1. Determine whether Lys46 is open to solvent by 80 Å² or more (accessible area, probe 1.4 Å), among the charged types (D, E, K, R), under 12 Å from the mean Cα position of the chain (by Cα) and closer than 13 Å to Phe71 by Cβ.
2. Of all residues in the range 8-42, how many are within 9 Å of the chain's Cα centre (by Cα) and surrounded by fewer than 16 Cβ atoms within 10 Å (Cβ to Cβ)?
3. State yes or no: is Phe4 of a type outside the set (Gly, Ala, Ser), in contact (Cβ under 8 Å) with a residue 60 or more places away in the chain, surrounded by 14 or more Cβ atoms within 10 Å (Cβ to Cβ) and not in a helix (DSSP H, G or I)?
4. Working only within the range 34-56, note down all residues that are touching a helix residue (DSSP H, G or I) at 6+ places or on another chain (Cβ under 9 Å) and farther than 16 Å from Ala10 by Cβ.
5. Tell me which residues, restricted to the range 50-76, are surrounded by 14 or more Cβ atoms within 10 Å (Cβ to Cβ), touching a Ser or Thr at 6+ places or on another chain (Cβ under 8 Å) and either without any contact (Cβ under 8 Å) to a residue 12 or more places away in the chain or among the β-branched types (Val, Ile, Thr) (or both).
Amino acid sequence: MSEFNQELDARGLNCPLPILRTKKAMNTLASGEILKVVATDPGSVKDMESFAKQTGNQIVSSGENGGEYTFFIKKG
């Protein structure tokens, strides 16, 4: 996915920092906008899924490449 409104670089951060920074960034977006998050913490995969469910946001796309996890999260 190449279209997003804001990008968050959470590489090198460990739990819970990727989620905390994602939450802060999501608060700046309008409904329907997309945040791209890049993280290196393997725990961020389950954390982002839980975060999306709990906050009413949607992970539109996610993937892993060379130890980097990328998430595209649409604000609900």
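The values are calculated or read from the model by the stated rules, or taken from the named source; none is laboratory data. What you see is a predicted model, and the numbers here were worked out from it, not measured in a lab. Cβ sites come from the backbone with ideal geometry, for glycine too, and all protein chains shown count toward neighbours. Remember, those area values only see protein heavy atoms, side chains included, never the ligands or the DNA or RNA. Shrake-Rupley method; radii C 1.70, N 1.55, O 1.52, S 1.80 Å.
1. yes
2. 1
3. Yes: the conditions hold for Phe4.
4. Answer for the range 34-56, where residues must be touching a helix residue (DSSP H, G or I) at 6+ places or on another chain (Cβ under 9 Å) and farther than 16 Å from Ala10 by Cβ: just Thr55.
5. Thr70, Ile73
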